[in-house]
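Data block below; observations after.
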Amino acid sequence: MSTLDRREPEVPLPKEWPRVARSAIVHALALAHFVVAHVRGWCADSPLRRVRLAAECERLRSEVALLREELRIKDARLARTPARNRPHYPPVERLAVLALKAARGWNTAQTASRFLVEPATIASWLGRIDEEGPHALVRTPIPVNRYPEFVGDIVRRLRAAFPAMGTMRIANMLARAGLHVARTTVRRLLKQRNQQPTPAPSDVAAAVPTQSGKTPRIISRGPNHTWLVDLTVMPTSAGFWVPWLPFAFAQRWPFCWWIAVVIDHFSRAVVGHAEFKQQPTAARVLGVLGRAVRRAGRAPKYVVSDQGPPFRDEYVAWCARRGARPRFGAVGRYGSIAIVERFIRTLKDEGLRRIVVPLGQSEMLAEVEALVGWYNGCRPHMGRPEPRRARSTAGAGRHERVRGSNCEPGTRCVAATACAGRRAPS
């Protein structure tokens with residue numbers, strides 16, 4: 001066989017290919033993203049630690065490259081605007097620029113080139129960083145006039161600038177600066193989030209209009225009286241969108257996780273959950289409910305869900321065998337299963353707060369377990385006056401009320417202590 005015969009076959013170009021060259025670029029990148037997502041998912045579930053670390057290293061390198069390209073595009077757009085027409089940095093952003101300058105070790109010229117300002121501007125910000133009053137050139141995001149708020153602000157800034165710095169190292173760093181903070185306090189300050197207050201949920205677990213026009217109400221009488229179950233999709237870093245029809249990948253791993261959640265309506269406790277790589281069948285959802293029943297020691301009186309495919313004949317038969325009454329949320333009506341929807345929102349807000357949602361099943365299970373533990377034991381709820389005690393006994397099928405005197409110190413006792421004075425001028 002001659003050398004010409006052993007050459008690789010050439011792929012013919014389509015007719016009038018210059019007209020579709022730009023679309024071909026987008027389609028090729030989307031196809032490459034599809035392949036890479038599958039390879040990363042296989043590596044994330046590999047039993048070899050070396051393979052998992054190599055996949056994580058490759059993912060981080062790709063993430064850094066994409067972020068740099070994103071910043072380049074934004075900087076190019078701002079650079080085309082004349083300097084006198086560019087928007088000024090607000091006082092809060094000026095402090096963020098100076099904090100990043102200190103964390104990266106940039107000089108004044110490097111900082112100015114990164115943020116498209118003059119070096120004299122950065123020097124002016126540094127010279128006036130300690131100004132006071134409403135017209136200060138550099139300010140913090142919120143008024144920091146008390147000791148705890150100042151500590152929380154600087155702790156979160158240290159973690160944002162140096163993610164590898166643990167809570168003990170942050171506490172030691174603050175101790176060298178004269179701020180004596182315990183490691184548990186640092187951990188608590190890092191967990192604080194700016195969450196909007198939510199109204200107190202009602203006792204209505206489901207509202208489904210009947211033929212008579214009346215809306216039946218299910219009032220939870222105690223733990224394990226009414227359960228709410230729902231499914232949700234948690235997208236990973238692979239995402240859903242593609243440039244070809246139907247403009248989305250199949251909703252399955254490695255592009256997303258399917259999560260089943262079972263919540264006790266009375267105590268707001270998560271009594272069951274499971275993670276799946278694709279949309280679970282009715283048998284798998286019933287398996288989650290069965291494990292929750294075994295842990296609680298009894299089946300609930302009502303089980304409220306939506307009208308999705310897993311909640312059909314097999315689900316109704318399962319409820320009948322265990323003496324539970326299935327109820328379904330109203331189609332197209334928001335808030336029919338509000339309690340479980342609120343937990344799903346918390347799950348996604350806390351899960352998507354990370355850079356990426358884990359691709360490995362063990363890592364994803366650990367993340368959900370940690371969040372469920374925090375949700376059941378630490379997160380305050382507005383539905384009951386004693387939510388934490390009720391949630392702690394929900395699994396045992398009983399509700400204990402705390403009796404006796406309150407052990408918290410009174411105002412006189414707190415005022416008499418040496419550490420109750422004001423730490424910083426307000």
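The values are calculated or read from the model by the stated rules, or taken from the named source; none is laboratory data. This is a predicted model, so every value here is computed, not measured. So basically every Cβ, Gly included, is an ideal-geometry build from the backbone, and we count neighbours across all protein chains shown.
Observations
- Criterion (small (Gly, Ala, Ser), surrounded by 10 or more Cβ atoms within 10 Å (Cβ to Cβ) and either in contact with a strand residue (DSSP E or B) (Cβ under 6 Å, 6 or more places away or on another chain) or touching a residue at least 40 places away in the same chain (Cβ under 8 Å) (or both)) met by exactly one of Ala109, Ala103: Ala103
- Long-range neighbours under 6 Å by Cβ, at least six apart or interchain, first residue at pLDDT 70 or above within region 1-20, second assigned to a helix (DSSP H, G or I): none
- For Pro197, the criteria (1) at pLDDT 50 or above; (2) over 25 Å from Gly105 (Cα atoms); (3) not small (Gly, Ala, Ser) hold in every case but one, which is (1).
- Residues satisfying the stated conditions in region 29-63, i.e. farther than 16 Å from Val357 by Cα and exposed (fewer than 11 other Cβ atoms within 10 Å of the Cβ): Ala32, Val35, Pro47, Leu48, Arg49, Arg50, Arg61
- For Arg22, the test of being assigned to a helix (DSSP H, G or I) and within 30 Å of Gly127 (Cβ to Cβ) is failed.
- Candidates Val155, Val97, Val151, Val138, filtered to the one that is of a type in the set (Val, Ile, Thr), within 23 Å of Ala177 (Cα to Cα) and outside any helix (DSSP H, G or I): Val138
- Only one of the listed residues (Val262, Val293, Val304) is within 23 Å of Val357 (Cβ to Cβ), out of contact with any Asp or Glu (no Cβ under 8 Å at 6 or more places or on another chain) and among the β-branched types (Val, Ile, Thr). That residue is Val262.
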